[in-house]
Structures are given as C-alpha cells and as structure tokens.
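Novice: Here's a structure for you.
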Amino acid sequence: MKPMDISKLATSVLQQQRSTPGLVADGIRLAILRGQLSPGQILKQEELAKQFGLSRVPVREALRQLEAEGLVVSYPHRGTVVASLSPEDIAEVFFIRITLETTVLQLAVPKMTESDFLKAETILDQTDKNPNPAYSAEQNWAFHEALYAPAGMPRLLNIVKTLHHHALPYHLVGFVAVDFKKESQDGHRQILVACRKRDAEAAAVALRTHLSESGKSIVLYVREAMGGSASADLPR
C-alpha cells in the first residue's frame, strides 16, 4: 500500500483559513476523494499531525468527524483506517441517494432561479474542460448541491451530502477505472434541461436514471475486482 503523504494538500488547506478540526477533516476528505488515501489505508494520527503542522488533538477530532460521516473506521488496537465499502454497501448508498435526492430535487425545481441554472451549467462546463478525474469527482457533488440547495431544506441536504461522502472513494473509481465521465456529464445535462423547463417529474426521472447507472457501474467494477458475480442490480 502506498505511503501516506498528503503534506502538500494539508498545507494548502490550512493556508486558506485558520486551523480547526473541521479544516483538517476537509483536507483528509479531499485526499480520500482524490485517491491519495485509499480504502483500507491506515491513518496514523502522528503522521497526519506532522503533515498538517498541528498537534494530535485537532487531528483526533477530525477523524471522529470523518468516522461519523462513514469515511473512516476506528478499530481497537489497530487505529483508524479509510473505510472500505462492499458492493452491497455501495448499492445501498446509491439506493438511499436515489430515494432522497429525487425528493429534494422535486422540491427544489419550483424554487430555482436563472442564477441557479447558470451556476450548475458553469460547473458542468468547467468539468468538461478539466481532464483530471479527481476534479470531475469533486465537481460531481458541486453540481448536485447547486440543484438541491433551492429546496431550502438544509437538514435534508446535509443528510444527502453525508450519503454522498460515503461513496467518495468510489466516485473516483467511476471517473478513473470505469471512465464514465461522458455518461455522467450527459446525465447531468439531461437533469439540468428538465429543471430549466420547470418539469420536476422529468428532472426526478433523469436524476434517478443518472444515479442508477452510475451506481451500477461502480458496483459492477468493485464486484468484479473482488472476483465476485457480474450482477450489479441496485436494491428496489
């Protein structure tokens, strides 16, 4: 397993704002998303504290926050590791996402403004221009959040965001190993077209299809990598 070295990322994060456990959590989360920290990798507090230039206290608090999000897992006598999801776990996450995100999108569509549409479209255009798969994975949530935020339901949005974070390491898999950037972008644009037409039902259908296909692709890849069945059905 590759050594843990996110010192450059850590420095960048802490230069932006004052150091807090939340900022440390942001840095580690981003490293997981970018594939710099892999599922199953051990996260040593001493090493992280050194790379962030902090004491172990904020690092320990950051890891607790990430554990609550499902991104890391702590084991007695072993320490904290980046969470690994089974194909079944991934399928369940996408099933729940479909259920909640189609609901929040239908609530958001009637409240959307031209500014919301332009923000979402700008994100898609920037993603098209950047060949870095990690950037595509990062922008994936930015696009979805831009469309869900108008619903004005911060608690529901926070739940959806947490679920999205559960699948963060596997979004990068989707954009690298599976290489479904084009399919993902096409799906996003179909959702945006329906939103612009103020057709909440069509937008929800497009979102359901987009998440279902993305989930199936990732589940299939992980299952085959583990030597399992090629079936990739999501729960119904």
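The values are calculated or read from the model by the stated rules, or taken from the named source; none is laboratory data. Just so we're clear, the structure is a prediction, and the values are computed from it rather than from any experiment. Cβ atoms come from the backbone with ideal geometry, glycine included; neighbour counts cover every protein chain shown.
Novice: When the residues of segment 74-127 are narrowed to those that are aliphatic (A, V, I, L, M) and farther than 28 Å from Pro150 by Cβ, which ends up surrounded by the fewest Cβ atoms within 10 Å (Cβ to Cβ)?
Specialist: Val81
Novice: Here are some residues: Leu71, Leu100, Leu66. Which one is over 27 Å from His188 (Cα atoms) and not charged (D, E, K, R)? Before the answer, list the steps.
Specialist: Values: Leu71 fails: over 27 Å from His188 (Cα atoms); Leu100 fails: over 27 Å from His188 (Cα atoms).
Result of the check over Leu71, Leu100, Leu66: Leu66.
Novice: Let me ask something else about it. Mind checking whether some residue in segment 36-56 is modelled with pLDDT under 90, of a type outside the set (Gly, Ala, Ser) and either closer than 25 Å to Leu157 by Cα or in contact with an Asp or Glu (Cβ under 7 Å, 6 or more places away or on another chain) (or both)?
Specialist: No.
Novice: Turning to a different aspect of this structure: Hey, does segment 157-174 have a residue that's touching a helix residue (DSSP H, G or I) at 6+ places or on another chain (Cβ under 8 Å), within 19 Å of Lys197 (Cβ to Cβ) and in the same structural domain as Tyr221 (by TED's automatic domain parsing)?
Specialist: Here is the first cut: in segment 157-174, the residues touching a helix residue (DSSP H, G or I) at 6+ places or on another chain (Cβ under 8 Å) are 157, 159-174.
Retained after the next criterion (residues that are within 19 Å of Lys197 (Cβ to Cβ)): none.
There is no residue in segment 157-174 that is touching a helix residue (DSSP H, G or I) at 6+ places or on another chain (Cβ under 8 Å), within 19 Å of Lys197 (Cβ to Cβ) and in the same structural domain as Tyr221 (by TED's automatic domain parsing).
Novice: Return the only residue of Ala134, Ala146 being closer than 30 Å to Glu67 by Cα and at pLDDT 95 or above.
Specialist: Working: Ala134 fails: at pLDDT 95 or above.
That would be Ala146, the only listed residue that is closer than 30 Å to Glu67 by Cα and at pLDDT 95 or above.
Novice: Restricting attention to segment 142-160, report how many residues are crowded, with 16+ Cβ neighbours inside 10 Å and charged (D, E, K, R).
Specialist: Total meeting the criteria: 1.
Novice: To continue, here is another question. Which of the residues that make up segment 128-163 are over 16 Å from Gly35 (Cβ atoms) and either in contact (Cβ under 8 Å) with a residue 60 or more places away in the chain or among the hydroxyl-bearing types (Ser, Thr, Tyr) (or both)?
Specialist: Across segment 128-163, the qualifying residues are Tyr148, Val160, Thr162, Leu163.
Residues are listed down the side, and each one gets a yes or a no for (1) assigned by TED's automatic domain parsing to the domain that holds His144; (2) modelled with pLDDT of 90 or more; (3) assigned to a helix (DSSP H, G or I):
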| site | (1), (2), (3) |
| --- | --- |
| Val59 | no, yes, yes |
| Ala62 | no, yes, yes |
| Leu66 | no, yes, yes |
| His77 | no, no, no |
| Phe94 | yes, yes, yes |
| Ile98 | yes, yes, yes |
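Novice: Which one of Leu118, Leu124 is modelled with pLDDT of 90 or more, within 21 Å of Arg208 (Cα to Cα) and either out of contact with any strand residue (DSSP E or B) (no Cβ under 8 Å at 6 or more places or on another chain) or of a type in the set (A, V, I, L, M) (or both)? First the steps, then the outcome.
Specialist: Working: Leu118 fails: within 21 Å of Arg208 (Cα to Cα).
Answer to the selection: Leu124.
Novice: I'd like to check something: does segment 203-211 contain any residue that is surrounded by fewer than 19 Cβ atoms within 10 Å (Cβ to Cβ) and among the β-branched types (Val, Ile, Thr)?
Specialist: Just the residues of segment 203-211 that are surrounded by fewer than 19 Cβ atoms within 10 Å (Cβ to Cβ), to begin with: 205, 208-209.
Filter once more, so that each one left must be among the β-branched types (Val, Ile, Thr): 205, 209.
Yes, segment 203-211 contains at least one residue that is surrounded by fewer than 19 Cβ atoms within 10 Å (Cβ to Cβ) and among the β-branched types (Val, Ile, Thr).
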